[in-house]
Amino acid sequence: MPHDLFDKSLYDFHTPQPSYWEATAGPSPVQGKPLEGHETCDVAIIGGGYTGCSAAYHLARDFGIDVQVLEAGHFGWGASGRNGGFCTMGGTFLSLKHQVRLYGEDETRQYWNAQAEAVELVRSIGDEEQIDCQRQGNGEYVVAESDAHFEAMQKGAEFKRKLLQRDYKVLDQDEFRTLGYDAPHQHGAVLEQPSFGLHPLRYAQGLAAAAERRGATLHPHSKVNAWHKRDGVHVLETDGGSVTAKRVIVAGNGFLPENLHRQLRGRALPLQSVIVVTRPLTGDEQAAHRWVTENPVVNSRHVYVYYRMLPGNRLMIGGRGDFKGTPVGEQTTHAYLGAEIARLWPEWAHVDMEYKWRGLVCFSSRLSPTIGRFPDDPSVYFGLAYHGNGVNNATWAGREIARWLAGGNSGDDPKPMHLPALVRGFAPRFPVPGLRKQYARAGVAWHKFRDWLG
């Protein structure tokens, strides 16, 4: 775990975040117990978020493979249980034109088709396993903050239609005022489908419980402290015991335990994301900005905020955190989100924030997800770096890793060549990994400067 990147308070696995999701999830349906003694299995998974539990679910359900999941906190402790609940298209910070330049039109289309497939995978698992994850909306809005932004978004939507052969609905200011909301900053919007919002912790715990029902063994509060290979098999050690496995899946994302194996070092750039949820808005308050949509929303800035109206008329808004992760910095970034509420929706400037929390999103050096196997050990698989779109991307990555592992015909190639080129194999290590926070500072500063110019 890269504990040196952020304050140790971000890695307290025994303490749940004081989030709206934790307050409203209800009793966890997961039955697993912390690991005690020595156990063996075919596949051991490090990390019990969307990636790990999806992999366990599909390995057990579709292939009858003996799998055990080791989670450092409770299931849903990490980003899978504390994100904004956006099941939306994305997963990369590369512009569409940059994707085409790097990978070509066909591979870019394949990636975005996989994005849509991933959204529908979450929907289908929720339906099949009867997970009460409070789905909301039927798309994601990107809201233009100026006329210039709206003009650029119109051109971008047309480019996407032609390249990706998907529909992108453009709504002018008056149309969005009717279907979405009204505020001084909104100058129209673009609707992207398929997308929806959900309760991320309920989905995370429901997915974990579904993996259990299908035959996977789950161990909460079982942080992996050491990992070594002996006589051709992997041994994962926790405070309570150890698991011996033929194969391992690493599924840590922003909480990647990179101290456990040299192949993981310097691969991920975790960044803080902070979220607040207001008290319930009254009918008059909601009418002041004519808010009617249940769709998740992002604004059109480069350093954007994301928001949605939750059940019970509570506004949720999230954005980037600081680069230290201290409790003091957390208070500062929460105050920033309060100021954003006042800027975006002046009639709600007085509304109190009742829930405040934070977590980590994960970036790779190539700014796209990374799925593959260790180059020097084809018995180890991994999936990470979902760039703030983990609900669908991580669920899909877990399924694809399960299928690849169980297929038995992948040879020694460390890259999943059947998947889109944007996600194949390890992204290169960040140069001088100790400077990752400085890279992040520079990147955010550059994008803020671009917003200022705009």
Would you kindly derive the ³J(HN,Hα) couplings of the stretch 383-399 from the backbone phi angles with the Karplus curve 6.51 cos²θ - 1.76 cosθ + 1.60 (θ = phi - 60°), listing them in order in whole Hz, with x for Gly and Pro?
-> x, 6, 6, 9, 6, x, 10, x, 4, 8, 5, 5, 4, 5, 4, x, 5
For the chain, longest principal axis from Cα atoms; helix 436-453 axis from its Cα atoms; angle between them, nearest 10 degrees, is 20
With just the Cα atoms of the chain, tell me how far they stretch along each of the three principal axes, in Å, largest first.
-> 67, 45, 44
Taking placed amide H atoms and a strict 5 Å upper bound, the residues 5 or more places from residue 25 or on another chain that come that close are none
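How much net charge surrounds residue 14 when only the other residues with a Cβ under 14 Å from the Cβ of residue 14 are counted, with Lys and Arg +1 and Asp and Glu -1? Provide the component values of the computation, followed by the final result.
Numbers: positive: 8, 223; negative: 12, 22, 71, 239.
Taking every other residue near residue 14 into account, the sum is -2.
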Alpha-carbon centroid distance for the pair the stretch 166-190 / the stretch 384-400, whole angstrom | 28
Based on the mean of other beta carbon atoms within 10 Å per residue, what is the order of 440-452, 202-214, 359-371, most packed first?
-> 202-214, 359-371, 440-452
Once the in-chain neighbours fewer than 8 apart are removed, the lysines whose Cα is under 17 Å from residue 448 read 437
Distant-in-sequence amide H partners of residue 242 (H built 1.01 Å from N, under 5 Å) = 37, 38, 39
Between residue 127 and residue 447, the two model label points (7 Å from Cα along the beta-carbon direction) sit apart by a distance in nm of 3.4
Mind listing the long-range amide H neighbours of residue 249? Cut-off is under 5 Å, sequence gap 5 or more, other chains count too, H placed in the peptide plane at 1.01 Å from N.
-> 44, 45, 46, 381
Karplus ³J(HN,Hα) for the stretch 310-320 (6.51 cos²θ - 1.76 cosθ + 1.60, θ = phi - 60°; Hz, whole; x = Gly/Pro) runs 8, x, x, 6, 9, 8, 10, 9, x, x, 6
Which angle from 0 to 90°, rounded to the nearest 10, does the C-alpha axis of helix 105-128 make with the longest principal axis of the chain?
-> 80
Tell me, what HN-Hα J-couplings in whole Hz come from the Karplus equation 6.51 cos²θ - 1.76 cosθ + 1.60 at θ = phi - 60° for each residue of the stretch 189-206, using x for Gly and Pro?
-> 7, 10, 9, 10, 10, x, 7, 6, x, 7, 8, x, 6, 4, 5, 4, 6, x
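No lab work stands behind these numbers, since they all come straight from the coordinates. All of these numbers come straight from a predicted model, not from anything done at the bench. Because the Cβ atoms are built from the backbone with ideal geometry, glycine has one as well, and the counts that use them run over all protein chains shown.
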